[in-house]
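Take a look at the structure below.
The values are calculated or read from the model by the stated rules, or taken from the named source; none is laboratory data. Small disclaimer: the values here were computed from a predicted structure and weren't measured. Using ideal geometry, Cβ is built from the backbone for each residue, glycine included, and neighbour counts are taken over all protein chains shown. Note: accessible area is taken over every heavy atom of the protein model, side chains too, but ligands, DNA and RNA are not part of it. Shrake-Rupley method; radii C 1.70, N 1.55, O 1.52, S 1.80 Å.
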Amino acid sequence: MEAVRGWLVAAAAAVLLLAGTALGSEKRPVLVGAPMDVSDNDEGLQRALHFAMAEYNKASNDKYSSRVVRIISAKTQIVAGIKYIMEVEIGRTNCTKSVTDVQGCAFHHAPEMAKRVTCNFVVYSVPWLNQIRLLKNSCQ
């Protein structure tokens, strides 16, 4: 009887090992609520990034506005709303803060005026309540 039980345990372990190997070769399912990559042209991401940059420029003591040079990474996380987690490179433009639409502004090219930094922004949005907040603004 003990030999049969040992054989069953060994067979069960082999089945689990094979199943684990087979499952490991496939793409694993995403955990609910985990941050997920999002496309740079996602409409919600673009709204969140626009909001983060407006808040950054408002808080900045710089005479010139800054805008995004490139998106390094972007993720969304579904919580009691949508959290946008972004790492972006931003640059100083040649437009002063009085200009409302900085997307058309060129970047400074002169070394003494050019300023590029990498920023991490976290924006929390609840679109169905028309709420948006900047939770994190860290630049270096």
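Which of the trypsin sites (Lys or Arg not before Pro) found in segment 30-105 are in a DSSP loop and have at most 15 neighbouring Cβ atoms, other than their own, within 10 Å?
Numbers: sites: R47, K58, K63, R67, R70, K75, K83, R92, K97; in loops: K63, K97.
Filter output for segment 30-105: K63, K97.
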Dipole of segment 62-140 [Lys/Arg +1, Asp/Glu -1 at C-beta], most positive-end residue of S98, V117, A80 | A80
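For a Förster distance of 30 Å, can you work out the FRET efficiency between the beta-carbons of L135 and D101, rounded to the nearest 0.05? Present the calculation step by step, with values, prior to reporting the outcome.
Details: r = 25 Å, r/R0 = 0.84.
Taking R0 as 30 Å, the efficiency between L135 and D101 is 0.75.
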Residue order for S66, S98, S138 - accessible surface, 1.4 angstrom probe, largest first = S98, S138, S66
Label-zone membership for segment 65-86, site A34, 7 angstrom Cα→C-beta point, backbone N under 18 Å | 74-79, 83-85
One checks the Cα atoms of segment 71-140 and finds Rg and Dmax, in Å, of 14.9, 45
